[in-house]
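The values are calculated or read from the model by the stated rules, or taken from the named source; none is laboratory data. The structure displayed is predicted, hence computed values, not measured ones. Cβ coordinates were reconstructed from backbone atoms using ideal geometry, including for glycine residues, and neighbour counts include every protein chain displayed.
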Amino acid sequence: MALRLKTDYLEGFLTKDEIKAGEAKAKAAFDRVEKDSAEKSQPVGWLRLPVNYDKEEFARIKAAAEKIKSMCDVFIVIGIGGSYLGARAAIEFVKSNNYNLLPKETPDIYFSGNSIDGDALHDLIEICKGKRICVNVISKSGTTTEPAIAFRVFRDILVKQYGEDGAKERIFVTTDKTPKPGTLKEFADLEGYETFVVPDDIGGRYSVLTAVGLLPIAVAGCDIDAMMKGAEKAMIETDSFDIENNDAVKYAVIRNLLHDKGKKSELFVTYVPALQYTAEWWKQLYGESEGKDNKGIYPTSVVYSTDLHSLGQYVQQGERILFETVLNVAKPKHEQLIPETENDVDGIGYIAGKSLHYVNEKAFLGTVYAHIKGGVPNIVMELDATDEENFGYLVYFFERACAISGYILGVNPFDQPGVEMYKKNMFALLGKPGYENHKI
Ligand code: PA5
C-alpha cells in the first residue's frame, strides 16, 4: 500500500463500533458505484481506467510530449477546473513547486485560461516573448469561456510567430471526441490540430489520468507509465468492499461520520509546499462532487507549518466545526540537513545535523496532538513518497473514496449543476446571444 490511513488520532471523537456501524451505508454506496460502471449509468470510466485505457492514444501522448519537448522553451497549458488542476498538482508533486525555476531539460510550463484576469494573461505573454512556444488547450465541453479567451490570444501569437502551418505543429487540443457545432473539437478538426480525447464517461475532475493530465505531465518529464501503475495498484487494493482493509471505504465512512457529528468542514493538511496543488485538486474533487442539494462537507486546505502561523490559531481554538485530513509524506526527495555552527547564537544548535524532514515530522506530530486536544479530529494518511507511482495511487484512492462518500452523503457525486449559475449570469451581463431574457 502506498498510502495508509491511520485512525489512532480519532480516539475520543469516533469509536470503532461507530465506524463499524457505518458499514451498511458504505456497502450500498460501494455497490452503487460498481452498478454505475456495469450499467454505464454514470460517468465512472475512471473506475477501470488504470487497466482499461486507450493504449494507442497513450503512445501518441508520449510521442507528442517528446515533440513538444524538442520544439519549445515554454509550454502553455490552457484549461480550468478539472482541465488543469490535476496536471499542475502532478507536476509540482513529482518535480517541484519551483519546476520552472530549476535547471532542467524540459520546457517551462505555465497554466493559463484558469482565470479571466487580464494582468495575469498580459504577464504570461511578456514571459513568452522571444521564446519558442507550444500550446495545449484542454476543455472537455470545448465551450468554456476562460480557456477559450486564452486560446484565442495564444493561437493569435503562434500564428503571428510561425504562420498558420507552423502554428498547427505547435497546437495540441484535448477535448470531447464528438465535433458538436461551435465546440473546440469542431474548430480543431477544421484547422487540423492534433487532438486527444477526454472520454465521454469521465468527468473533468476525475480526468487527470487521461490525456487531460497526462500530456502536460509527460512534457514535464514525468514517467506516466509509473503513474498508471500506481493507479492500478490503488484500484486493486480498493476493489473489494472490506471496511477493515479498504482504506478508501474507511476514509469515506469516517469523514461522513465526523460530518454527522457537526464537523462541517474538512481541512486537507500537507507539510510539503509542493503538494499545495494536490490539495487544490482534492478540493475540487470533493467540493464539486459533494456540495449540492444543500449538503456537503466543505473542503478546504492548508500547508503547514506555513499556515500554522496564519490559520493555526483558528484551527486550535476557533469554532469547533473542523476535522483535519493530514497527508504525511514518509520519505522526502532530498535529505536537507541543518548545518553545525561554532556558536549557537540562533539557539537551534540542539537540532544541528538533523534533517529538515526529521524536524517537519516532529512539527506534524506536535500539531496533531495539539489539534486533537483542541477538539479537532485528525485522519492521518501516510504516503510513501512524492514520485509518479505514489501520485497515481493517491489520485485513484481519492477518486474512489469520493464516489463512495458522495453516495453515503446522499448526493450524485458525478454532476455539477451549480457551476452553471454564474456562467448564465455572466453571459447575460456580457450580452451573449441567447441570454437576452435571462433574469439575474
Ligand atoms: O470537473 C469539472 O467538470 C469541471 O471542473 C470542469 O473541468 C471545468 O468546468 C472545465 O470544463 P471544460 O473542461 O469543459 O472546459
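For the reader, a short list of remarks on this structure follows.
- Counting the residues of segment 238-267 that are of a type in the set (Asp, Glu) and over 21 Å from the mean Cα position of the chain (by Cα) gives 4.
- Within segment 283-316, the set of residues being out of contact with any Cys (no Cβ under 7 Å at 6 or more places or on another chain) and within 16 Å of the ligand (Cβ to nearest atom) comprises 283, 284, 287, 288, 290, 291, 292, 296, 299.
- Residue in segment 235-248 that is in contact with a strand residue (DSSP E or B) (Cβ under 7 Å, 6 or more places away or on another chain), farther than 20 Å from residue 155 by Cα and part of a loop (DSSP other than H, G, I, E, B) present: no
- The residue that is farthest from the ligand (Cβ to nearest atom), among those in segment 116-171 that are in a loop (DSSP other than H, G, I, E, B) and of a type in the set (S, T, N, Q), is 143.
- Hits in segment 249-280 (condition: part of a strand (DSSP E or B) and either crowded, with 21+ Cβ neighbours inside 10 Å or free of Cβ contacts under 8 Å to residues at least 24 places away in the same chain (or both)): 266, 267, 268, 269, 270
One line per residue, one yes/no per condition, for (1) at pLDDT 95 or above; (2) of a type in the set (A, V, I, L, M):
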{"site": "219", "(1), (2)": "yes, yes"}
{"site": "226", "(1), (2)": "yes, yes"}
{"site": "236", "(1), (2)": "yes, yes"}
{"site": "240", "(1), (2)": "no, no"}
{"site": "264", "(1), (2)": "yes, no"}
{"site": "273", "(1), (2)": "yes, no"}
{"site": "320", "(1), (2)": "yes, no"}
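Residue-by-condition table, conditions (1) closer than 18 Å to residue 67 by Cα; (2) among the acidic types (Asp, Glu); (3) crowded, with 24+ Cβ neighbours inside 10 Å; (4) out of contact with any helix residue (DSSP H, G or I) (no Cβ under 7 Å at 6 or more places or on another chain):
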residue: 95; (1), (2), (3), (4): no, no, no, yes
residue: 99; (1), (2), (3), (4): no, no, no, no
residue: 107; (1), (2), (3), (4): yes, no, no, no
residue: 126; (1), (2), (3), (4): no, yes, no, yes
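- Residue check, residue 105 touching a residue at least 60 places away in the same chain (Cβ under 8 Å), acidic (Asp, Glu), away from the ligand (no atom under 16 Å from the Cβ) and in a loop (DSSP other than H, G, I, E, B): yes
- Count of segment 183-197 residues which are over 21 Å from residue 216 (Cα atoms) and within 13 Å of the ligand (Cβ to nearest atom): 1
- Of the residues examined, residue 252 is one that is more than 16 Å from the ligand (Cβ to nearest atom), closer than 30 Å to residue 400 by Cα and at pLDDT 95 or above.
- Residue that is farthest from residue 172 (Cα to Cα) [pool: residues in segment 58-102 that are within 16 Å of the ligand (Cβ to nearest atom) and outside any helix (DSSP H, G or I)]: 80
- Enumeration of residues in segment 353-377 that are assigned to a loop (DSSP other than H, G, I, E, B) and without any contact (Cβ under 8 Å) to a residue 60 or more places away in the chain: 353, 354, 374, 375
- Qualifying residue in segment 150-169 (condition: of a type outside the set (S, T, N, Q) and touching a Phe, Trp or Tyr at 6+ places or on another chain (Cβ under 7 Å)): yes
- Considering 200, 225, the condition of being surrounded by fewer than 18 Cβ atoms within 10 Å (Cβ to Cβ) and more than 13 Å from the ligand (Cβ to nearest atom) is satisfied by 225 alone.
- Verdict on residue 380 being touching a residue at least 12 places away in the same chain (Cβ under 8 Å), surrounded by fewer than 22 Cβ atoms within 10 Å (Cβ to Cβ) and touching a Lys or Arg at 6+ places or on another chain (Cβ under 7 Å): yes
- Condition met for residue 246 (of a type in the set (S, T, N, Q) and free of Cβ contacts under 8 Å to residues at least 60 places away in the same chain): yes
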